[in-house]
């Protein structure tokens with residue numbers, strides 16, 4: 001995850017880079033997701049019984065129906081599953097064009113998130129590209145998870161699909177991406 005100059009939060013974007021955003025209603029069932037960016041973590045609910053991730057937040061696991069779900073941080077890495085480039089000015093203060101993306105996280109098949117792809121030229125966007133989460137700090141302690149191209153060791157964006165990514169918990173252990 002990247003850290004912007006002048007910000008103390010890992011992966012936070014600078015104020016000048018922030019467009020107008022419609023904000024979510026934060027409650028006890030989703031606060032882990034919207035506030036996790038304060039610690040630079042992308043968090044999802046995870047079932048304590050079957051260990052499945054549950055997103056969007058729900059009161060029980062859709063796989064085993066267990067009601068014991070706890071927030072857990074994921075790697076922050078993803079693969080671009082699909083996207084569209086919006087060219088219409090739907091929201092005042094949020095100028096097009098911008099990328100609306102569905103990303104898939106390597107922690108679980110089908111664990112997907114609708115988000116925006118940022119810090120990427122539109123003609124460089126490719127399905128299968130490797131991404132990393134960054135957070136946009138907005139009002140009321142909300143951090144929006146956005147994704148940008150994953151940087152390679154030489155600090156250039158990774159634009160070709162790759163099946164290996166690293167988790168936050170152990171950067172030396174490889175996790176197979178779906």
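Among the residues of the stretch 128-152, which ones are part of a strand (DSSP E or B), more than 17 Å from residue 113 (Cβ to Cβ) and touching a helix residue (DSSP H, G or I) at 6+ places or on another chain (Cβ under 9 Å)? Break it down stepwise before answering.
The first filter runs over the stretch 128-152 and keeps only residues part of a strand (DSSP E or B), leaving 130-137, 143-149, 151.
Checking which are more than 17 Å from residue 113 (Cβ to Cβ) leaves us with 137, 151.
Selection gives 137 alone.
Can you list residue pairs whose Cβ atoms sit under 6 Å apart, with the first residue in the stretch 57-71 being free of Cβ contacts under 8 Å to residues at least 24 places away in the same chain and the second being not in a loop (DSSP other than H, G, I, E, B)? Count only pairs 6 or more apart in sequence or on different chains.
Matching pairs, first to second residue: 61/47; 61/54; 66/47.
Could you tell me which numbered condition residue 16 fails, if it satisfies all but one of (1) at pLDDT 95 or above; (2) not in a loop (DSSP other than H, G, I, E, B)?
Only one criterion in (1) at pLDDT 95 or above; (2) not in a loop (DSSP other than H, G, I, E, B) is unmet by residue 16, namely (1).
Scan the stretch 16-44 for residues that are within 14 Å of residue 113 (Cβ to Cβ) and more than 14 Å from the chain's Cα centre (by Cα) and jot them down.
24, 30
With the requirement that a residue be out of contact with any strand residue (DSSP E or B) (no Cβ under 7 Å at 6 or more places or on another chain) and farther than 28 Å from residue 28 by Cβ, what does the stretch 44-90 give you?
Selection gives 87, 88, 89, 90.
Please enumerate the residues belonging to the stretch 62-87 that are over 21 Å from the mean Cα position of the chain (by Cα) and either farther than 30 Å from residue 149 by Cβ or modelled with pLDDT under 95 (or both).
If the condition is that a residue be over 21 Å from the mean Cα position of the chain (by Cα) and either farther than 30 Å from residue 149 by Cβ or modelled with pLDDT under 95 (or both), then 62, 63, 64, 65, 66, 67, 68 are the ones that fit.
Which count do you get for residues in the stretch 98-127 that are surrounded by 11 or more Cβ atoms within 10 Å (Cβ to Cβ) and assigned to a loop (DSSP other than H, G, I, E, B)?
The total comes to 12.
The values are calculated or read from the model by the stated rules, or taken from the named source; none is laboratory data. Keep in mind that this is a model prediction, so the values were computed, not measured. Using ideal geometry, Cβ is built from the backbone for each residue, glycine included, and neighbour counts are taken over all protein chains shown.
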